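The values are calculated or read from the model by the stated rules, or taken from the named source; none is laboratory data. Because the structure is predicted, anything quoted here is derived from the model rather than measured. Every residue, glycine among them, receives a Cβ derived from its backbone with ideal geometry; neighbour counts consider all protein chains shown. Please note that ligands, DNA and RNA were not included when accessible areas were found on the heavy atoms of the full protein model with its side chains. Shrake-Rupley method; radii C 1.70, N 1.55, O 1.52, S 1.80 Å.
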Amino acid sequence: MLGRSHAILGLASTAVTLTAAGTHIFQNTPVFMAGLTVGMIAALLPDIDSADTYLRRSFRLGSRQTVRDLRTWYRKRPLALLMALARWGLARVFDLIGYLLPHRGPTHYGLTAVLLTALVYWGCQSLALPWEIWVAFGAGYFSHLLGDGVTKTGVRLYAPLYRPFVHFLPEPLCIVTGSWQEAVMLFTLITGLIAALFIFGTVS
């Protein structure tokens with residue numbers, strides 16, 4: 001799926017998961033909104049193994065973006081210059097990850113999603129952050145795998161134990177990334193998530 005589709009699916013998955021878990025937007029708005037932000041970023045995170053991603057463009061972390069930004073270093077205030085240097089350094093880290101890892105490689109493994117979610121859980125416990133944060137992270141990250149799992153390429157969900165790509169739909173129903181089918185599939189997935197809340201009576 002395209003980056004913007006992953007962002008939308010991540011937001012929807014996180015909203016539905018938090019609501020199902022008992023955290024409602026009108027009852028605990030700050031935590032719910034923080035969870036949505038974390039979920040959206042987590043939904044984009046697996047694609048850091050690609051040089052040109054929606055996440056990097058959105059946060060001005062593209063290779064060319066950060067280089068262009070530093071060319072005018074002499075015009076910047078100290079704080080702006082520090083921010084530009086930080087973005088440049090982070091972009092180089094992403095470049096290295098993209099160079100070392102194949103697209104839809106380890107960052108798209110189910111095991112990676114579990115381990116990273118566990119790490120965020122530990123961080124929330126250590127820093128006394130709301131439990132909604134780690135739940136949102138997990139919902140967002142797994143939504144990315146779900147989205148890629150309905151494409152023609154599929155996702156290596158069970159790697160490294162089982163390396164072939166798997167699909168969550170029969171192959172004739174799998175979509176081509178960037179096609180009109182992607183918009184239809186995205187709408188279907190989100191509708192299904194919301195419908196599940198009503199079916200199981202989790203929306204009060």
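A few notes on this one:
- The share of accessible area on the chain that comes from carbon and sulfur is 70 percent, using a 1.4 angstrom probe.
- Taking amide H as placed 1.01 Å from N in the peptide plane, the amide H of residue 166 sits under 5 Å from that of 155, 156, 157, each at least 5 places away or on another chain.
- Candidates 187, 26, 94: whichever shows maximal mean-square fluctuation once the chain is modelled as a Gaussian network with Cα springs under 10 Å: 26
- Inter-part distance, the stretch 130-204 to the stretch 57-77, computed on C-alpha centroids, equals 34 Å.
- Estimated from helical segments only, the mean residue ellipticity of the chain at 222 nm is -20500 deg cm²/dmol, where each DSSP H run of four or more residues counts as -39500 (n - 2.57).
- Residue order by solvent-accessible surface for 107, 72 is 72, 107, largest first, with ligands and nucleic acids left out and a 1.4 Å probe.
- Here r is the Cβ-Cβ distance between residue 64 and residue 26 and R0 is 35 Å; the resulting FRET efficiency, rounded to 0.05, is 0.25.
- Restriction of the trypsin sites (Lys or Arg not before Pro) in the stretch 68-166 to DSSP coil positions whose beta-carbon has at most 12 other beta-carbons within 10 angstrom yields 71.
- Label-to-label distance, residue 125 versus residue 153, with points set 7 angstrom from Cα along the beta-carbon direction: 3.5 nm.
- Residues whose placed amide H lies under 5 Å from that of residue 175, excluding near-sequence neighbours: 151, 152
- Computed over protein heavy atoms with a 1.4 Å probe, the accessible surface of the chain works out to 57 Å² per residue.
- At least 18 Å along the helix axis (C-alpha) and Kyte average at least 1.0, DSSP helices within the chain: 29-44, 78-100, 110-127, 180-199
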